[in-house]
1. Check off (1) in contact (Cβ under 8 Å) with a residue 60 or more places away in the chain; (2) under 14 Å from the mean Cα position of the chain (by Cα); (3) more than 10 Å from every other protein chain (Cβ to nearest Cβ) for residue B:84 and give me the number that stays unchecked.
2. Restricting the search to segment A:88-107, which residues are farther than 14 Å from residue A:63 by Cβ and under 19 Å from the mean Cα position of the chain (by Cα)?
3. Among residues belonging to segment A:16-38 that are closer than 23 Å to residue A:160 by Cα and surrounded by fewer than 16 Cβ atoms within 10 Å (Cβ to Cβ), point out the one that is farthest from the chain's Cα centre (by Cα).
4. Could you check segment B:94-120 and list, in sequence order, the residues that are more than 8 Å from chain A (Cβ to nearest Cβ), within 15 Å of residue B:46 (Cα to Cα) and under 17 Å from the mean Cα position of the chain (by Cα)?
5. Is one or more of the residues making up segment A:256-270 part of a helix (DSSP H, G or I), more than 24 Å from residue A:219 (Cα to Cα), over 21 Å from the mean Cα position of the chain (by Cα) and not assigned by TED's automatic domain parsing to the domain that holds residue A:117?
6. Kindly list the number of the only condition in (1) closer than 30 Å to residue B:283 by Cα; (2) surrounded by fewer than 22 Cβ atoms within 10 Å (Cβ to Cβ); (3) in contact (Cβ under 8 Å) with a residue 40 or more places away in the chain that fails for residue B:14.
7. Where in segment B:127-220 are there helices (runs of 4 or more DSSP H), lying wholly inside it, with at least 3 residues that are under 15 Å from the mean Cα position of the chain (by Cα) and on the phi < 0 side of the Ramachandran plot?
8. Those residues that are facing another protein chain (nearest Cβ under 10 Å), surrounded by fewer than 24 Cβ atoms within 10 Å (Cβ to Cβ) and in contact with a helix residue (DSSP H, G or I) (Cβ under 9 Å, 6 or more places away or on another chain), I need them from segment B:170-179; list them, please.
């Protein structure tokens, strides 16, 4: 499972590098709200696995300071919503330190947290906030969708010299998937083709990947062969993978759970139109959350973020545009 | 809270001279730096440490190699007391490639990670969690390093002040929080910022051993810090030291500080930390005036040489900048 893959990554990196440590709320004896850190306290002791008070600004800042001083902290923040309390430390300290020191100061800091909707936990526990971090130069943004990626990317994160926002999804912790045996490290900036196809490119990440794959299966029943791309890291972004796919399919759907306004999908769309405009046979479709806080009511919650059928419909629209074009010829 | 050294012996000439040299070097740096600012050679912000020299001077003299400091937005004094290169500091203020941050950081961001200086900070209060983090890293690595964060009365009303000091306390970190109480948060006087103006009491409230010292007496600051640092190395940290002081001017070079009452300013100027360090050296060591003159002259020449060095230095080119930017 996704959460076991994350635990394996932390365990292996703590074993490999004695400067790796982890702090967070309820992560030691309790093993974390999502059981990611279970067993680490027994194995590595209270020096390297520490519970913190509920003080996000303080704990993120302390993690950043420890990273500057040469340790390798993992700070676990229960919900990405709570990371907002520590934004000064992320945005003004961690992200800027390297530049402000003329390149000498590095911050090998990893913040693990999770976001997304997940069964009625309401507006302050359901957000997808990757665009906030994406916007800040100096932060790397990682959003794994499957267990193998979760493990490989977290291990890579713990070998980086610059801050990493490692954004998990609460719906994915109990999802299953094969994880390669042995040393498994995935470099940032290398996307993954989760399903090859030739008719339309669906770009998605995190919990939108299982939905995009389900949408692709439905589209296949209609004879539409969708290619599903998972950039895995939004910063750095695997532009080459995206542009290669667009050159092949000429149609693009971008699916994000985050709200539409000012989102990462819009930025990826702008990159595609700037660098592959003449490859496009249809307008780029963006499937995104409504521009609204997430409501508690389960049906309303569902209506506020993209579902499988929303992706199917968007993909069909890109193909209808092609059929008009063919008719005109 | 006493000017006696911690073991009761009279302070050595070496220590007294070190304190005076540091305090005077900061004084020269700031007064001459302001002139460069007025000439347009230094751009951006410049927050002088004038009047507060006794604190950085006394604290840093009690630390050793391998320790860490984190500074405030008024950070020149801490860098100098920590032993920073005057050449590289002036070059940074003049935005030159030879500066500490190659001109990428400026006055509010001078840092020297290799030397254990986590840097000044443009965000008031941010140095406290960063310093606690360095102390945590030292504990995890099992070293005997002590970290001092210089913070301020202005920063004491920011949430991270208590959040981070509390983390240091529950983990028994080797951390000394030096609260420079210059009695103004930019221009707001302390009585308007908090009901309890004795800030060391904040530490007591969460079980942190806390003291108050006259920040304009570098020897008293040194003695108190020395005790605190020794306790931290024995695993008895963290410790809070509130150092009372007063600025000699407004918040930054372009702030005339009209809100600072003349009588209060005069009171503190009579207790000038540089004059007191000089007097302590003269009175307790038997040094003669010509030696004092020689020290002052040497420090002035060092600053003049740094200005020449900086003027002769180049700036980061746009091509180099673009290459650096590509890494982002």
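1. Checking residue B:84 against (1) in contact (Cβ under 8 Å) with a residue 60 or more places away in the chain; (2) under 14 Å from the mean Cα position of the chain (by Cα); (3) more than 10 Å from every other protein chain (Cβ to nearest Cβ), the one that fails is (1).
2. A:91
3. Here the answer is A:18.
4. B:106, B:107, B:108, B:110, B:120
5. no
6. Here residue B:14 meets the rest and fails (3).
7. B:127-141
8. Within segment B:170-179, just B:171 meets the criteria.
The values are calculated or read from the model by the stated rules, or taken from the named source; none is laboratory data. Small disclaimer: the values here were computed from a predicted structure and weren't measured. Every residue, glycine as well, gets a Cβ built from its backbone with ideal geometry; the counts of neighbours run over all protein chains shown.
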